[in-house]
Structures are given as structure tokens and as C-alpha cells.
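The values are calculated or read from the model by the stated rules, or taken from the named source; none is laboratory data. Only a predicted model underlies this, so the values are computations on that prediction, with no experimental measurement involved. When we count neighbours, we look across all protein chains shown, and the Cβ atoms used for this are built from the backbone with ideal geometry, even at glycine.
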Amino acid sequence: MDNVVVKTMEYSGLWVTSFATAGVKTNAMRAGLDEAQCVEEAGKFTCRDREGTINITLLTNAKLTAGAMARALITITEAKVAALQDLDVRSSYNPKAQATGTGTDNAVIISGWGPLITYTGGHSKIGELMAKTVYEAVKEAIIRGSEGSDF
């Protein structure tokens, strides 16, 4: 976790903090286009040797409903893809294609005990805070993880 990036934003008593690590040099891919690199058989994964992942942890003081947490995953994913697009990260498997992530990306959302939130999409203030903190954290983590080489 040499390149972890932390971003925090607040609005009217709500706060969101996003942590991101990113490596996309050899594992970037475009969902829906690129072929899988791993096969699971009897609980064991066999993968081609590829390194890199994008991991996002999002914390908020808001008390998110189950629906708000599910929608937050969409908001987080949209922000991650926007960061990849703005940095023009290409698929490691099809370099003409824009990458949408890596084959091993993950996100964790940690809800608090503050104000109750039922919706976290882009039209909500908390959705904006989530998207902006994730976008900035992922973008900076990709840049840090790629110093000295192309994506």
C-alpha cells in the first residue's frame, strides 16, 4: 500500500472519506470486451500471471440504508471509470479499447451512525461527495502507481 491515496469531503454535517490504491500497468481491462484471465475449479483459482488492481474503501458518517449502499457501489464504479477515462488508461489486452477497471477491483463501503441516507446517486449531495472523493483518490493512485511508465 505504498500508493494509498485518501480524499475527504464534507457538506452540512455529512462527510465521506475514500481510500484508493491502484495498479493498472498489466491488468487493465474493458468489461464486456476482454476475456477472463482466471478460471475457478473446486474453489481454486488458476490465473495467468497479471498484477494490478484498484481497491476502494469508502467511509461515511451517514447511516446508509441497504439500498443506499447498493447504489453507492454504482456511484463508486462510475467515478472509478471516469478516472480511468480521463487518464486514458487502455486495456492491457486490447490497447485500442478504453479500460473500465482491472479484473480484480474491489470496493468496501463503511456506513456510520449519522444522518439517515436512502439514496446515493449522482443527483444527491452525498452521491456527489462519494463520486468526487473516489474519482480524485483513484486518479491520483493510478498516477502514483504508474510513475516512470505508461499505463
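Residues in the stretch 95-142 that are among the hydroxyl-bearing types (Ser, Thr, Tyr) and at pLDDT below 95: Thr102, Thr104. When you scan the stretch 92-111, do you find a residue that is under 21 Å from Tyr11 (Cα atoms), basic (Lys, Arg) and over 17 Å from the mean Cα position of the chain (by Cα), even just one? Within the stretch 92-111 (the criterion being under 21 Å from Tyr11 (Cα atoms), basic (Lys, Arg) and over 17 Å from the mean Cα position of the chain (by Cα)), the answer is no, since none of the residues qualifies. Counting only strands (runs of 3 or more DSSP E) that sit wholly inside the stretch 15-119, those with at least 2 residues that are buried (at least 16 other Cβ atoms within 10 Å of the Cβ) are 54-60, 106-110.
Checked across the stretch 4-22, the condition of being touching a Cys at 6+ places or on another chain (Cβ under 9 Å) and aliphatic (A, V, I, L, M) holds for no residue.
Within the stretch 80-106, residues that are more than 20 Å from Cys38 (Cβ to Cβ) sit with their Cβ atoms under 8 Å from residues that are of a type in the set (A, V, I, L, M) and in a loop (DSSP other than H, G, I, E, B), at 6+ positions apart or across chains, in these pairs: Leu84/Val24; Leu84/Ala99; Val89/Val24; Val89/Ala99; Arg90/Ala97; Arg90/Ala99; Gln98/Val89.
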